[in-house]
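The values are calculated or read from the model by the stated rules, or taken from the named source; none is laboratory data. In this text the structure is predicted, and so the values were computed from the model without any measurement. For neighbour counting, all protein chains shown are included, and Cβ atoms are generated from backbone atoms with ideal geometry for every residue, glycine included. Note: areas computed on protein heavy atoms with side chains; ligands, DNA, RNA excluded. Shrake-Rupley method; radii C 1.70, N 1.55, O 1.52, S 1.80 Å.
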Amino acid sequence: MTQRLLVRDLAQLATPAGTGAPLRGSALDEIEVLEDAFVLCAGETIQAVGRMSGLPALDDDVIELDGRGLCAIPGLVDCHTHAAFGGDRVEEFSLRAGGASYEELHAAGGGILSTVRATRAAGEEGLRTAVERHRSWMLREGTTTFEAKSGYGLDRDTELASLRAIRDAGGIPTWLGAHAVPPEFEDAEAYLDFALAEVLPEAAELAKAADVFLERGAFDATQARRYLEACRDAGLALRLHGDQFTESGAIPLAVELGARSVDHLEATREEGIRTLAASDVAGVLLPASALFLDRPMPPARALADAGAAVALATDFNPGSAFCESLPLVCSLAATQLHLSPAEALAACTVNAAHVLGRAESVGRLAPGFRADLVLLDAPDWRYLAYHLGGRVVAQVVVGGELR
Ligand code: NIG
Ligand code: FE
């Protein structure tokens with residue numbers, strides 16, 4: 001018999017309105033709020049939501065959860081993380097606190113390449129343990145669907161082990177095969193020869209998407225195009241790390257190749273904003289990364305006002321954003337990006353689900369959607385963004401089960 005869970009007497013239930021995805025313009029700002037509400041889950045699926053006054057009579061077999069003083073929102077969707085890594089970068093963090101720059105550390109063989117060394121040394125078991133641990137941190141912060149990238153192995157075995165570890169921890173794997181050029185290769189071209197011939201065939205079986213770091217000191221637009229076209233031909237959806245430090249052609253390339261998203265956008269200027277807004281490519285904003293590196297925030301308000309499909313994510317990784325909290329990202333969205341709490345919620349639920357190709361099943365509290373919900377310890381759902389760094393997540397339900 002299907003197990004049913006009733007979350008009752010909620011102060012509020014808040015969900016992005018409507019049925020479409022991605023949300024843009026004024027639709028991005030529309031949250032439907034029910035006061036004195038319930039959510040009824042049947043197995044892994046939401047059966048009904050509504051006001052308590054409309055709750056139908058239920059048999060005794062239903063497990064009840066007291067929602068008094070709590071608000072329900074959809075389980076949060078983190079569409080951009082680098083959760084598969086060994087070691088840490090706390091030493092580098094201290095150096096940066098003393099004034100060293102992220103790009104300088106990277107150019108000196110630290111940065112991403114120091115995590116590559118630690119990730120290769122971790123082995124498959126070590127990687128599995130790390131991804132599981134990071135996933136448990138995310139869950140505690142209300143993330144019920146997460147994407148995670150490889151990209152710290154950059155050799156065949158470690159890249160594939162990363163993708164397996166992500167998949168087995170319940171994540172949606174992205175092959176970030178073009179994150180940096182590892183030291184054993186002469187240049188980016190030689191590395192791509194290897195990665196596309198030796199890693200792509202199996203990576204394409206494990207991953208849902210491919211990603212590239214298109215940036216000065218990483219891969220240029222010609223190299224990114226070569227990598228992405230090969231990945232597209234192997235059946236993967238496309239993502240790009242673009243416009244993080246410099247505008248190097250990520251947006252036009254993404255639009256031309258029909259990519260799902262360009263992520264970062266801290267350096268994007270007017271023309272890029274217009275081009276992205278007029279396209280089907282989503283802009284994934286990562287304000288925790290801009291904060292952590294003390295970099296300018298992305299032009300979120302201009303993107304949203306121009307009608308771009310914006311999503312929010314943590315960018316969780318050991319170097320540029322050691323932060324797994326989407327509630328904190330929502331606070332940064334409201335205070336630094338000037339998005340409303342409603343836009344922030346839609347950006348890390350429906351729109352993030354769209355970036356992952358999952359908008360049909362996650363990101364909304366509505367019948368037929370997966371029974372993933374976050375119960376906020378708050379009388380008003382906007383505490384999600386309002387409670388800066390506080391313990392706003394009271395409980396998390398994943399697939400109809402309390403975690
Ligand atoms: O999204 N920018 C490139 N990649 C990651 C950071 C990786 C790292 O510093 O380890 C990012 O910020
Ligand atoms: Fe990233």
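Annotations for the structure displayed:
- Cα lying deepest toward the dipole's positive end in the chain, options G307, L345, G98, charges on Cβ: L345
- Debye equation applied to the C-alpha atoms of the chain, log10 I(q)/I(0) at 0.07, 0.12, 0.13 Å⁻¹: -0.31, -0.89, -1.03
- Compactness check for region 28-77: Cα Rg over 2.2 N^0.38 Å is 1.26.
- Rounded D (µm²/s) - region 8-112, Kirkwood Rh over Cα pairs, Stokes-Einstein at 10 °C, 1.306 mPa s: 87 µm²/s
- Counting every pair of alpha carbons in region 191-332, the share spaced more than 18 Å apart comes to 55 percent.
- Cβ crowding within 10 Å averaged over residues, with 35-47, 120-132 ranked highest first: 35-47, 120-132
- Expressed as a whole percent, the accessible area of region 250-346 that falls on carbon and sulfur atoms is 51 (1.4 Å probe).
- For the chain, the dipole from Cβ point charges (+1 on Lys and Arg, -1 on Asp and Glu) about the Cα centre works out to 520 debye, to the nearest 20.
- Judged by the ratio a/c of the largest to the smallest principal axis of the C-alpha gyration tensor, region 293-363 counts as oblate, that ratio being 1.5 or greater while a/b is no larger than b/c.
- Choice from D59, D243, D372 showing the highest fluctuation, given a GNM over the chain with Cα pairs closer than 10 Å: D59
- Per residue, the chain exposes 38 Å² of solvent-accessible protein surface, assessed with a 1.4 angstrom probe and all protein chains in place.
- Built from the Cα atoms of region 96-206, the convex hull projects on average onto 7.8 nm², one quarter of its surface area.
- Modelled spin-label separation between D377 and D61, with each label point placed 7 Å from Cα along the Cα-to-Cβ direction: 3.5 nm.
- Charge dipole (region 176-284, unit charges on Cβ, about Cα centre) - positive-most of F194, A218, G272: G272
- Net charge dipole size for region 54-157 [Lys, Arg +1 and Asp, Glu -1 on Cβ; Debye, nearest 20]: 520 debye
- Across region 264-315, the convex hull enclosing all Cα atoms gives 60 Å³ per residue.
- Student exercise, region 124-207 dipole from Lys, Arg, Asp, Glu Cβ charges, in Debye to nearest 20: 680 debye
- Within the accessible area of region 71-228 (1.4 Å probe), percent carbon and sulfur: 50 percent
- Residue ranges 94-107, 185-198 sort as 185-198, 94-107 when ordered by packing (mean number of other C-beta atoms within 10 Å per residue, highest first).
- Only DSSP H runs of four or more residues enter the estimate; each adds -39500 (n - 2.57), and after division by the residues of the chain the mean residue ellipticity at 222 nm equals -10000 deg cm²/dmol.
- Separation of alpha-carbon centers, region 159-230 and region 374-403, rounded to whole Å: 35 Å
- Packing-based ranking, highest mean first, of 337-345, 4-12, 217-225 given that Cβ atoms within 10 Å are counted: 337-345, 4-12, 217-225
- Furthest towards positive pole of dipole, A209, S331, L34, structure part the chain, Cβ charges: L34
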